[in-house]
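See below for the structure under consideration.
Please treat every number below as a calculation from the coordinates, not as lab data. For clarity, every value in this text was computed on a predicted model and none was experimentally measured. Ideal geometry is used to build each Cβ from the backbone, glycine not excepted, and the neighbour counts take in all protein chains shown.
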Amino acid sequence: MRLHNEPEWVLPFENMEIGDSFFIPTLKPSPLIYAIDSGAKRAQVKIKSFITQKNNCMGVQVWRVK
């Protein structure tokens, strides 16, 4: 997945257990959330994603819920 000038992100859905999470820093959270949701559907996992800040860096936090 490639969003504009951002790096290519490898989403770890296959290795995640329920309750696991990851954070991706980005200045374009809406297209990233769409890409994450699409990837989760392809991997057949249920996730919740939120725009948040971590260490003063805006990004998207993603949790596996099922």
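The residues of the stretch 48-66 that are in contact (Cβ under 8 Å) with a residue 24 or more places away in the chain and crowded, with 17+ Cβ neighbours inside 10 Å, listed by number, are Gly59, Val60, Val62, Arg64. Each residue in the stretch 12-42 was checked for being in contact (Cβ under 8 Å) with a residue 40 or more places away in the chain and not aliphatic (A, V, I, L, M), and 6 pass. Can you pull out every residue in the stretch 10-30 that is crowded, with 17+ Cβ neighbours inside 10 Å and either charged (D, E, K, R) or assigned to a loop (DSSP other than H, G, I, E, B) (or both)? Of everything in the stretch 10-30, those that are crowded, with 17+ Cβ neighbours inside 10 Å and either charged (D, E, K, R) or assigned to a loop (DSSP other than H, G, I, E, B) (or both) turn out to be Leu11, Met16, Thr26.
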